[in-house]
Amino acid sequence: MKQFVIIFAFLFSFTASAQTKKPVAKTTPPVTSNLAGKTWKIKTSEEFGVEKTPTEKNKEDFISLKTDGSFSLKREGVAVDGAWKKTGAYIYFTPTTKVVPAFNYKVVKSDDAVLQFDWREDAGLHTLYTFEAK
């Protein structure tokens, strides 16, 4: 009987350990897009049909969309970084810090040299930003 208990305990422990799930390393696939892997510098902004060149406040604005799905940007002097994801015509940004909440831009135009975003505020205002590849 003692041998039976030892064998049963051995088999039970082997079966239990065989069913233990091992953590799988999550990897982020590289983002394949003409937007990724580039740094885009602000060229113009447009509100109510009036196009403006950058002012002192936003002349250093940029957005860098990395192929690993991360981003860094500067908007009106405020630096933000986090993760980005393009779904349809929208790019969704999830900042890693609480400096700004999550936000999105609608891509109006994108090619190898120019990127144009439409950003809408809750109040109904929207700004059309044009960036150039750096």
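The values are calculated or read from the model by the stated rules, or taken from the named source; none is laboratory data. Because the structure is predicted, anything quoted here is derived from the model rather than measured. Methodologically, a virtual Cβ is constructed for each residue, glycine included, from the backbone with ideal geometry; neighbour enumeration extends over all protein chains shown.
When the residues of the range 34-54 are filtered to those that are assigned to a loop (DSSP other than H, G, I, E, B) and touching a Ser or Thr at 6+ places or on another chain (Cβ under 8 Å), which remaining residue is modelled with the lowest pLDDT?
Of the range 34-54, the ones assigned to a loop (DSSP other than H, G, I, E, B) are 34-37, 48-49, 53-54.
With the extra rule that they be touching a Ser or Thr at 6+ places or on another chain (Cβ under 8 Å), the set shrinks to 34-37, 53-54.
Numbers: Asn34: 79, Leu35: 86, Ala36: 89, Gly37: 91, Thr53: 95, Pro54: 94.
Out of the qualifying residues, it is Asn34.
Could you count how many residues in the range 84-102 are in a strand (DSSP E or B) and touching a Ser or Thr at 6+ places or on another chain (Cβ under 9 Å)?
Initially, the range 84-102 is screened for residues in a strand (DSSP E or B), giving 84-87, 90-95.
Of the ones still in play, those that are also touching a Ser or Thr at 6+ places or on another chain (Cβ under 9 Å) are 84-86.
Selection size over the range 84-102: 3.
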